[in-house]
Number of protein chains: 2
Amino acid sequence: MFVNKLIEFIKEKNSPIVVGLDPRIELIPNVVKDKYFKKYGKTFKGAAEAILEFNKEIIDSVYDIIPAVKPQIAFYEQYGIEGLKVYNETCKYASVKGLLVIGDIKRGDIGSTSKAYSNAHIGKTEVEGESLEAFYSDSITVNPYLGDDCLKEFVGDIEQYEKGMFILVKTSNPTSSQLQDLVVEGRKIYEKVAGIVNEWSSKYIGKYNYSSIGAVVGATYPEEAKNLRNLMPSSYFLVPGYGAQGGTAEDVIHNFNEDGLGAIVNSSRGIIFAYKKEKKWSEEDYGKAAREAAINMRDDINKTLESHGKKYW
Amino acid sequence: MFVNKLIEFIKEKNSPIVVGLDPRIELIPNVVKDKYFKKYGKTFKGAAEAILEFNKEIIDSVYDIIPAVKPQIAFYEQYGIEGLKVYNETCKYASVKGLLVIGDIKRGDIGSTSKAYSNAHIGKTEVEGESLEAFYSDSITVNPYLGDDCLKEFVGDIEQYEKGMFILVKTSNPTSSQLQDLVVEGRKIYEKVAGIVNEWSSKYIGKYNYSSIGAVVGATYPEEAKNLRNLMPSSYFLVPGYGAQGGTAEDVIHNFNEDGLGAIVNSSRGIIFAYKKEKKWSEEDYGKAAREAAINMRDDINKTLESHGKKYW
């Protein structure tokens, strides 16, 4: 079951953090990309091959200190077919390295279409009686705007293939309040969504009392997190927005339960492009810089958990 | 400007309908797919090549009687990289045949990530100073759950490349009511979203008083359509749900303005797999069957528009 593995990896590695693999070719070291542009020209193939080498070095540098990575598919989709090939190769490489892969795809549509997305990312697609895998993920993110008959299409594959999903509840971006904070009968929309998520979560609880059906709750809204933690006690929270988007360890503390579990905190740019932030790093050191940034983030969150008396594992 | 072209194509072809290209390999005629499975085995390559031949025949059979096609990307994504290659080849083939292409992608994320999706589908991606195209669409569908700082990322490309987007307002699926119909200060969530869409629409009006920023409004909610038409007078509506999902011409009539414009009605399965519905068609006739179904749908909607005094063009 996805959530059981996630918790075991978090405990083994003493690390409730996720590294977001959101490559931007313009931020990738010249030492990596120049050789591919030389070989393939200024093409998607050149960019994609550079991204793959970059991702592998990042994964090699952090795989022993984190439980999971979260590739954001948009940053691969923008490099076309070559980009999406490298998305999938990145997912598989991370998996081989013993990491869980959270495909940040934010898909969601009417029932039959959501089933196709589920086939694509956490299930299998039937071709003349053969079940084939399109893209590899252990868990994905899903958009709830279309309601239950979208969400339910993913559940079959979550059960059958021991996968997971994180449903968007309260996102980390500035205008998340525009729809998500509207008040209906004394409750905000995101609280309504939390109620829906809680119902789904409750049906798929693993051996540590957490569910493979979780929620996305942005790091940038600490007060809301306290409330959402109560509304979805068994849901694991995927918490983006730490670091580059402004969230701190204190901001994310309420996403964790008293057992010190219940949340994984993501940082993308702050880890993978850490080599750009300090003069001590040369371009070649981007892997080392990412490792140091990941360790600092892990320690920051663990220390804050301890200071709140939340880390019992 | 996308919306100007759309209106001109609708008038030229006397046809406010869109054909949804949502292939399912199990519904594609054996006469098409057997040769590819023979050549490529039971693989994604075999399925994708069969889908491409099928799509081309459908496009060849209807391109002169419709203004646009709407490929649903999920049905390609589920066949992996091979599927997505064929998604893009389908989009380009339709464009060469003089059709507008609405990529039904329902993407949406935080600002920087939405920009990557915009690059991928309606804009360009920078690679070392070169602007490259990842996937071809004239317009796309977008999910509004993350609010304005998601939506605004698409607007730059809409302006620069004369593209469009249709923002989900009220979807056609049974549980669309779960979130979309919640009432906030006397107004439903989808009405709030309609307000957001109307603001964006109003900023990008073309020469026929319609905007390239439109709305998705399901055919299955006729009463809501009347209201939404008033809330978004200049937005073009993309109306899915006619046919297989249960929407009729009478159901969609309120999505049109008094000038007979303002909406395009989509049917997918009802057109492309029409050959399966009537005994008179053999497998080889799937193109002819699709053409007849598209003509019937066009005539059904045009007749209903006329009977409501709405067709002045």
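The values are calculated or read from the model by the stated rules, or taken from the named source; none is laboratory data. None of these values were measured; they are calculated from a predicted model. Here the Cβ is made from the backbone with ideal geometry for all residues, glycine too, and neighbour counts use every protein chain on show. Keep in mind that these areas ignore ligands, DNA and RNA; they rest on the heavy atoms of the full protein, side chains included. Shrake-Rupley method; radii C 1.70, N 1.55, O 1.52, S 1.80 Å.
Per-structure values
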item	result
All aspartates and glutamates inside 14 Å of A:LYS70 as judged from Cα atoms, apart from same-chain residues fewer than 8 positions distant	A:ASP22, A:GLU89, A:ASP104, A:ASP138
Listed residues B:GLU223, A:GLU185, B:GLU77, A:GLU82 arranged by accessible area, highest first, probe 1.4 Å	A:GLU185, B:GLU223, A:GLU82, B:GLU77
Given charges at Cβ of Lys, Arg, Asp, Glu: chain B dipole, positive-most of B:GLN180, B:ASN55, B:GLY103	B:ASN55
Cross-link pairs beyond the 29 Å C-alpha cut-off, checked among A:LYS11/A:LYS45; A:LYS188/B:LYS124; A:LYS170/B:LYS152	A:LYS11/A:LYS45; A:LYS188/B:LYS124
Cα-projected label distance for A:ASP60 with B:HIS308, points at 7 Å along beta-carbon direction, nm	6.3 nm
Where N is the number of residues in segment B:50-147, Cα Rg divided by 2.2 N^0.38 Å	1.12
Kyte-Doolittle mean at least -0.5, axial Cα span of 18 Å or more - DSSP H helices of chain B	B:44-62, B:80-96, B:189-203
Net charge dipole size for the protein assembly as shown [Lys, Arg +1 and Asp, Glu -1 on Cβ; Debye, nearest 20]	360 debye
Other-chain or far-sequence residues with amide H under 5 Å of B:SER268's (modelled H)	B:GLY20, B:ALA244
Other-chain or far-sequence residues with amide H under 5 Å of A:ALA263's (modelled H)	A:PHE237, A:ASN257
Cα centroid of segment A:136-198 to Cα centroid of segment A:1-61, whole Å	27 Å
Accessible area (Å², 1.4 Å probe, nearest 10) - B:ARG269	90 Å²
Cβ neighbours within 10 Å from other chains - mean over B:170-181	6
Neighbouring partner chain Cβ atoms per residue of B:79-92, average, 10 Å criterion	3
Cβ neighbours within 10 Å from other chains - mean over B:147-153	4
Accessible area buried at the A-B interface, both sides summed, 1.4 Å probe (Å², nearest 100)	5800 Å²
Segment B:110-243: C-alpha gyration tensor shape, a/c 1.5 cut-off, then a/b vs b/c	prolate
Hull-based mean projected area of chain B, where the convex hull spans the alpha carbons, in square nanometres	16.3 nm²
Estimated inter-spin distance, A:SER95 and A:GLU12, nm [label 7 Å along Cα→Cβ]	1.6 nm
Whole-angstrom gap from segment A:239-280 to segment A:288-309, using each part's C-alpha centre	9 Å
Cα-based shape type of segment A:74-118, given that a ≥ b ≥ c are square roots of the gyration tensor eigenvalues and the cut on a/c is 1.5	oblate
Difference of contour (0.36 nm per residue) and Cα-Cα distance, B:TYR161 to B:ASN4	55.2 nm
Cα shape, the protein assembly as shown, gyration tensor, a/c 1.5 rule	prolate
Probe 1.4 Å, protein heavy atoms only - accessible area per residue of segment A:2-306 in square angstrom	32 Å²
Placed amide H near A:ALA134: partners under 5 Å, 5+ positions off or other chain	A:THR125
10 Å binning of all Cα-Cα separations within segment A:165-313, expressed as whole percents from 0 upward	12, 37, 32, 15, 4, 0
Solvent-accessible area of B:LEU231 with every protein chain in place, 1.4 Å probe, in Å² to the nearest 10	50 Å²
Helix-derived mean residue ellipticity, 222 nm - over chain A, DSSP H n ≥ 4, -39500 (n - 2.57), to 500	-14500 deg cm²/dmol
Cα-centre dipole for segment A:2-306 with unit charges at Cβ (Lys and Arg positive, Asp and Glu negative), debye to 20	620 debye
Karplus (6.51, -1.76, 1.60) ³J(HN,Hα), θ = phi - 60°, over segment B:127-142, in Hz, Gly and Pro reported as x	10, 6, x, 8, 9, 10, 9, 8, 10, 9, 8, 8, 8, 9, 9, 9
Accessible area, probe 1.4 Å, largest first, for residues B:HIS121, B:HIS254	B:HIS254, B:HIS121
Whole-Hz couplings from phi, Karplus 6.51/-1.76/1.60, listed for segment B:235-246; x for Gly and Pro	7, 6, 9, 9, 10, x, x, 6, x, 3, 7, x
